[in-house]
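Enquirer: My structure is below; once you've seen it, I'll send some questions.
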Amino acid sequence: MNIIIAADSFKGSATSFEVAEFIEKGIKRVEPSAIITKLPLADGGEGTVDALVTALNGKYLTKQVTNPLGEKVTAEFGVMESDIAVIAMAEASGLTLIKNEDKNPFKTTTYGTGELIKAALDYGVKEIFVGIGGSATNDAGVGMAQALGVSFKDRNHKEIGFGAEALESIEYIDASNIDRRIKDTKITVFSDVTNPLCGKNGASYVYGPQKGASDEDVEKLDQLLSRYGKILEEQLNIDIIDNEGAGAAGGLGAGLIAFCEAEIYSGIDKVLKMIKLEKYMKSADLVITGEGKMDFQSVQGKAPLGVAKIAKQYKIPVVAVVGSEGANIIDVYNHGIDLVIDIINKPMSLNEAMEDVNELIENAGEKVIRAFTLNNKQFKIEEELV
């Protein structure tokens with residue numbers, strides 16, 4: 001039996017590689033002879049660096065950078081084939097880097113992401129992949145641009161500070177001193193969302209609440225981004241407010257488009273091509289995927305549905321192991337997922353689930369293989385009766 005395990009991370013509790021290992025252990029309890037191929041996944045957020053470095057035999061480099069609240073943190077990025085780098089903005093500017101009580105999209109900055117890009121340029125790469133999921137920020141990538149040499153000054157010609165609140169002070173933008181190596185480097189953005197910068201479907205309204213914004217806050221944040229977008233258009237002739245993906249990562253998508261001439265692609269589509277998932281599908285009997293929470297948003301470019309789309313081209317059954325099920329889970333069954341198995345086996349708190357995540361995922365892995373072998377036995381019985 002050939003089984004592919006290609007799951008995303010369970011944010012805050014298990015990396016994509018750990019999830020695959022736990023599922024494998026559960027399978028081996030029932031089918032010790034199963035041949036299992038583990039392909040760590042990510043769609044641009046947490047785990048993107050791990051997924052590509054593992055799949056492409058790359059290496060890790062570290063750099064001390066600025067975290068969302070302006071403190072120092074050590075972040076990793078990957079290098080493959082000597083001249084390609086992969087960066088996850090979550091490593092420097094991610095929500096997991098700050099405590100719940102410290103969430104504040106008016107204060108958080110993407111400056112550290114710019115420092116990571118600069119570190120990759122210092123290494124001499126010619127192409128950079130930037131995953132922009134899991135952000136703690138809403139500064140439209142201004143911090144990132146500052147780290148690369150772009151100047152944003154207030155009416156007194158003083159450099160503005162960090163965070164979305166500083167956008168209100170911007171009067172002058174000068175990109176003449178941006179790192180010149182940017183022009184000679186291809187930058188590709190991995191994103192799982194297509195939101196514009198502003199409006200009810202923009203960065204602030206859709207993602208601001210998970211970063212600590214109240215209803216009143218999101219309205220103010222949206223106004224700040226709109227004001228900034230207009231200044232960009234007036235002074236640099238860059239119109240990015242309505243671009244698809246400009247609102248990703250609190251507007252970091254807009255910043256990367258405006259100052260790095262980046263192109264935005266579906267994160268999972270790009271990652272699946274790079275790890276050559278389709279090559280492994282040709283000999284697979286079963287595909288197991290998964291993510292921390294599966295709900296109606298999962299059909300909008302999330303990793304498991306990308307896996308299922310390819311598997312269905314080869315008529316391979318797909319089971320998703322998930323940390324929890326959200327609203328309208330039935331939607332995923334119309335997009336290639338055959339069965340969803342929730343790892344929660346009794347009433348428990350989130351903290352309990354995170355502490356016992358290895359055992360819970362192992363048990364789910366065992367359930368997957370038992371369900372699959374039972375279905376095969378039933379199929380054989382029906383075939384014999386015919």
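Enquirer: Averaging over all projection directions, find the projected area of the Cα convex hull of the range 179-284 and quote it in nm² with one decimal place.
Expert: If I average the Cα hull's projected area over directions, I get 8.9 nm².
Enquirer: In this model, which of Lys11/Lys38; Lys270/Lys367; Lys59/Lys276; Lys59/Lys118; Lys158/Lys211 are farther than 22 Å apart at the alpha-carbon?
Expert: Too far apart for the 22 Å limit: Lys270/Lys367; Lys158/Lys211.
Enquirer: What do you get for trypsin sites (Lys or Arg not before Pro) in the range 192-261 restricted to DSSP loop and a cutoff of at most 12 other Cβ within 10 Å of the site's Cβ?
Expert: Lys200
Enquirer: In a shell of Cβ-Cβ distance under 13 Å around Asn104, excluding Asn104 itself, what net charge do Lys and Arg (+1) and Asp and Glu (-1) give?
Expert: Its environment carries a net charge of 0.
Enquirer: When the dipole is taken about the Cα centre of the chain, and only Lys, Arg (+1) and Asp, Glu (-1) are charged at their Cβ, what size is it in debye, to the nearest 20?
Expert: With Lys and Arg at +1 and Asp and Glu at -1, about 820 debye.
Enquirer: How large, in Å, is the chain by the Kirkwood hydrodynamic radius built from its alpha-carbon pairs?
Expert: In the chain this quantity evaluates to 21.5 Å.
Enquirer: Tally Lys/Arg at +1 and Asp/Glu at -1 over every other residue whose Cβ is under 12 Å from the Cβ of Gly58; what's the total?
Expert: -3
Enquirer: Nearest 5 is fine: what % of DSSP beta bridges in the chain come out antiparallel, could you say?
Expert: Once the DSSP bridges in the chain are tallied, antiparallel ones form about 35 percent.
Enquirer: Same structure again: If all Cα-Cα distances of the range 1-150 are sorted into 10 Å bins from 0 onward, what percent lands in each bin, rounded to whole numbers?
Expert: With a bin width of 10 Å, the distribution comes to 12, 37, 30, 15, 6, 1.
Enquirer: Got a sec? How would Lys279, Lys302 order by Cβ neighbour count within 10 Å, fewest to most?
Expert: In order of increasing Cβ crowding within 10 Å: Lys279, Lys302.
Enquirer: Could I ask something else about it? From the P(r) of the range 235-364, can you give the percent of Cα pairs sitting at distances over 19 Å?
Expert: So the pairs more than 19 Å apart make up 60 percent of the total in the range 235-364.
Enquirer: Within the range 3-100, which trypsin sites (Lys or Arg not before Pro) sit in a loop by DSSP and count at most 13 neighbouring Cβ atoms inside 10 Å?
Expert: Those that pass, being in a loop and sparsely packed, are Lys99.
Enquirer: Can I ask one more? Using a Gaussian network model of the chain whose springs link C-alpha atoms within less than 10 Å, name the residue from Ala364, Ala203, Ala303 with the highest mean-square fluctuation.
Expert: Ala364
Enquirer: Sorted from largest down, what three extents in whole angstroms do the Cα atoms of the range 48-268 have along their principal axes?
Expert: Computed over the range 48-268, the largest-to-smallest principal extents equal 46, 37, 31 Å.
Enquirer: While we're on this one: So what is the 222 nm mean residue ellipticity for the chain from helices alone, if each DSSP H run of at least 4 adds -39500 (n - 2.57) and you divide by all residues, rounding to the nearest 500 deg cm²/dmol?
Expert: Taking each H run of at least 4 residues, the total per residue is -11500 deg cm²/dmol.
Enquirer: Less than 10 Å Cβ to Cβ from Gly199, Lys/Arg counted +1 and Asp/Glu -1: what total charge do the surrounding residues give?
Expert: -1
Enquirer: A further question follows. If you build a Gaussian network model of the chain, linking Cα atoms that sit under 10 Å apart, which residue out of Leu221, Leu97, Leu39 swings the most?
Expert: Result: Leu97 has the largest fluctuation of those listed.
Laboratory data are not the source of any read-out in this text; all were calculated from the coordinates shown. This is a predicted model, so every value here is computed, not measured. Cβ sites come from the backbone with ideal geometry, for glycine too, and all protein chains shown count toward neighbours.
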